[in-house]
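Before any comments, here is the structure.
Values in this text are rule-based calculations from the coordinates and carry no lab data. Predicted model, so just to flag it, every value in this text is computed and none were measured. Cβ sites come from the backbone with ideal geometry, for glycine too, and all protein chains shown count toward neighbours.
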Amino acid sequence: MTRVLTGIKPTGDLHLGNYVGAIQHILRMAEDTSQEIFFFVADYHALNTVKDAKQLRESTKRIIAAYLAFGLDPEKITLYRQSDVPEIFEITTILNAVTPKGLMNRAHAYKAAVDQNAAQGKVGEEADIGVNMGLYNYPILMTADILALNAELVPVGKDQAQHLEFARDIGGRFNHAFGETFKLPQGFISEEGAVIPGLDGRKMSKSYDNTIPLFSTASELKKLVMKKIITDTAPPEAKKDPEESTIYQLYKVFAQPEQVAEMKAGFEQGGLGYGTAKKQLLEALENHLAGPREKYEALLQQPEVLDEIMRKGAEKARAVATPMLKKVRQAIGAD
Ligand code: ADP
Ligand code: TRP
């Protein structure tokens, strides 16, 4: 059985893009019985940016509730919160000792922060303004997430490819110094799947403030679809290129294939106006999201259920991480 591990940082509410790019992937993986899946919420990674206990606690629970609401079965996968597995942090400290500082200097996120400072004239001693050690050491913690669970396969988006290389590099350095201890994980960089456009037609992203939240209320959803999706001014009778339409791009993901074909034809042949198309999109979204939304809201009202799921998940994760840590301590002479 292949051990697969992936994590998600709890920052901000989930949106339709996250559903297509992340949630659907995990749901599909969970159905594959040849894989043993560890999926966790990386709350200590979020701590680098989130400095509010209530926000961190709630966004972590919201992520867990969201995945459960879409049917993820915590009996089929190990679902846990990073901060509940202290072995990860001890391994982080140990890995610090074999990680060259120069490797961290090359990390994309760190370099981006330094470049941004430089663009504002902050160089020399000021180059690192706004960078905390958590951000700087981010790749080491992520390495420990993976190695502590002895994961073989780590599916991530393209933006995480460098972190995967670092994990292999750091794990390899440890093995070289102390003997074969860690399996070196294989990255599984998911091909750029369908990228969902946001309200303004650019990629839907928190950074662009153009998202449709996954759990908007019915009335918020209506307002966003009917009033906030930007279209051009083509009249109903005009022929339109569906691939250029945000409405159609979203519809493709959430409607049935026959409905999608119908909208495509309506745009291509002319006769389908944006207002009508938006109504159809809204209906498809409602059909798809109303059930999960209800389940999500109900779960958030039952913190004891979420706590119990997290407790059980942590127990399963620690059943792997505890012997792993023991092996590591033996390898370094801290047994
Ligand atoms: P954001 O761009 O809103 O900050 P993240 O970078 O946190 O989103 O993405 C989390 C996950 O959701 C990743 O797996 C990413 O591939 C997926 N994702 C985010 N936006 C989209 C999108 N517009 N279309 C498809 N997948 C997306
Ligand atoms: N860094 C990842 C992201 O921002 C989240 C993450 C943390 C992760 N630890 C991980 C992903 C370990 C895979 C494996 O998306």
Mind putting a number on the dipole of the chain about its Cα centre? Charges go on the C-beta only, +1 for Lys and Arg and -1 for Asp and Glu, and I need it in Debye to the nearest 20. 380 debye
For D52 and L184, extending 7 Å from Cα along the Cα-Cβ vector and measuring point to point gives, in nm, a value of 4.3 nm
Going by alpha carbons, how many degrees (0 to 90, nearest 10) lie between the helix axis of 138-148 and the longest principal axis of the chain? 70 degrees
May I ask for the distance between the Cα centers of the range 31-94 and the range 151-223, given as a whole number of Å? 14 Å
According to a simple spin-label model (label point 7 Å from Cα along Cα-to-Cβ), what is the distance in nm between M226 and A319? 5.1 nm
Between 0 and 90°, nearest 10: helix 108-119 axis offset from the chain longest Cα axis: 80 degrees
Counting only helical runs of four or more DSSP H residues, what would the 222 nm mean residue ellipticity of the chain come to if each run contributes -39,500 (n - 2.57) and the total is spread over all its residues? -16000 deg cm²/dmol
Flagged as over-length at 26 Å C-alpha distance, from K228/K252; K54/K158; K9/K54, the pairs are K54/K158
Charge context of E243, other residues only, Cβ under 11 angstrom, K/R +1, D/E -1: 0
Which of the GluC sites (Glu not before Pro) found in the range 16-86 are in a DSSP loop and have at most 16 neighbouring Cβ atoms, other than their own, within 10 Å? E31, E75
Cα centroid separation, the range 268-300 to the range 304-335 (Å): 42 Å
